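One structure is given here, and the rest of the page talks about it.
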Amino acid sequence: MDRPAVHFTARLFVLVVAATVTSGGSAECQGTVKHHAPEGTTVHRDLAYVTDGHARQRLDLYLPPAEGPLPLVVYIHGGAFRAGDKADLPPLEYLAEGYALAAINYRLSQHALFPAQIEDCKAAVRWLRAHAADHGLDPERFAVGGASAGGHLAAMVGTAGHLREFDVGEHLDVSSRVRAVLDYFGPSDFLQMDAHRLPNGMVHDTPDSPESQLVGGPIQENKDRVARVNPIMYVTADAPPFLIVHGDRDPLVPHHQSVLLAEALKKAGVPVTFYTVEGGGHGGFEDPRVPELTREFLREHLR
């Protein structure tokens with residue numbers, strides 16, 4: 001049974017997370033993140049986007065006090081494909097700009113190997129579009145975004161939107177395509193990560209790396225499986241516009257991963273804005289251009 005809606009009063013969320021990198025390769029962004037939920041925001045928590053599905057196949061839907069139908073940003077959390085939750089720092093600042101926000105969970109690599117993760121993300125988009133009228137959403141104005149592993153999955157939703165291969169389950173008569181993608185430092189080609197990592201950066205070719213666990217074996221020994229995971233493999237001229245942001249000192253996902261994707265998108269004729277945060281690590285950016293570019297990008301493609 002769906003939980004009742006929650007109504008926010010005006011308040012400020014201040015979340016501080018310290019940069020931590022464990023031997024398992026998980027990380028949290030560094031810095032202070034302020035989240036504002038406008039007074040009157042309605043939240044529907046733990047909506048099941050798969051009937052009788054896995055406990056992870058749920059989403060939280062945030063609706064700002066604005067006149068609909070509303071444009072929607074679908075937020076996909078990071079966590080190395082094996083951790084994280086929809087409650088982890090969802091970008092509530094979008095609400096003040098008049099965007100609805102859906103923060104989704106998906107099955108992690110310990111629950112199911114790829115392509116379960118992209119199947120879940122696309123299923124969530126289809127469910128939201130099928131129920132758009134119920135929540136005052138504009139089904140023609142959906143964007144998707146995420147950071148790190150979430151950025152990878154957002155890029156997959158964007159580049160593989162024209163394919164039916166990853167559309168399984170319910171609402172198959174509804175499209176899982178989106179109008180724009182926000183990709184913050186997500187990997188795009190697993191097999192090239194170690195060749196461009198920083199000297200003390202995370203190693204990805206090992207059997208216990210997040211990428212290897214996602215495909216069920218060492219990535220260099222399972223190149224066919226890995227090819228299906230790489231967003232860059234699905235780029236066509238039909239892909240939606242992309243905003244890509246990446247720090248050039250990222251110790252976990254090499255900056256080169258975003259260079260590759262941006263170049264592939266440009267070659268295909270896809271509108272792409274690629275911004276490098278000089279000296280930036282794995283998120284926690286203090287560069288004011290990042291939120292500015294995000295607002296400009298969403299305004300251009302969802303308004």
Applying the selection to segment 255-272, what residues are touching an Asp or Glu at 6+ places or on another chain (Cβ under 7 Å) and either of a type in the set (Gly, Ala, Ser) or in a loop (DSSP other than H, G, I, E, B) (or both)? 255
Going through segment 203-243 one residue at a time, which ones are hydrophobic (A, V, I, L, M, F, W, C), in a helix (DSSP H, G or I) and within 21 Å of the chain's Cα centre (by Cα)? 214, 215, 226, 227, 229, 232, 233
Taking residue 281 as meeting all but one of (1) surrounded by fewer than 20 Cβ atoms within 10 Å (Cβ to Cβ); (2) outside any helix (DSSP H, G or I); (3) of a type outside the set (A, V, I, L, M), write down the number of the exception. (1)
Condition first: charged (D, E, K, R), over 24 Å from residue 235 (Cβ atoms) and touching a residue at least 60 places away in the same chain (Cβ under 8 Å). Now tell me which residues in segment 162-179 satisfy that. 170
Quick check on my filter: what residues within segment 163-189 are among the hydrophobic types (A, V, I, L, M, F, W, C) and over 17 Å from the mean Cα position of the chain (by Cα)? 163, 168, 172, 174
Going through segment 65-80 in order, the residues found to be buried (at least 22 other Cβ atoms within 10 Å of the Cβ) and in a loop (DSSP other than H, G, I, E, B) are 77, 78, 80
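Taken together, the values in this text are just the output of simple stated rules run on the coordinates, not laboratory data. This one's a predicted model, so the numbers in the text were calculated from it and none came from an experiment. Methodologically, a virtual Cβ is constructed for each residue, glycine included, from the backbone with ideal geometry; neighbour enumeration extends over all protein chains shown.
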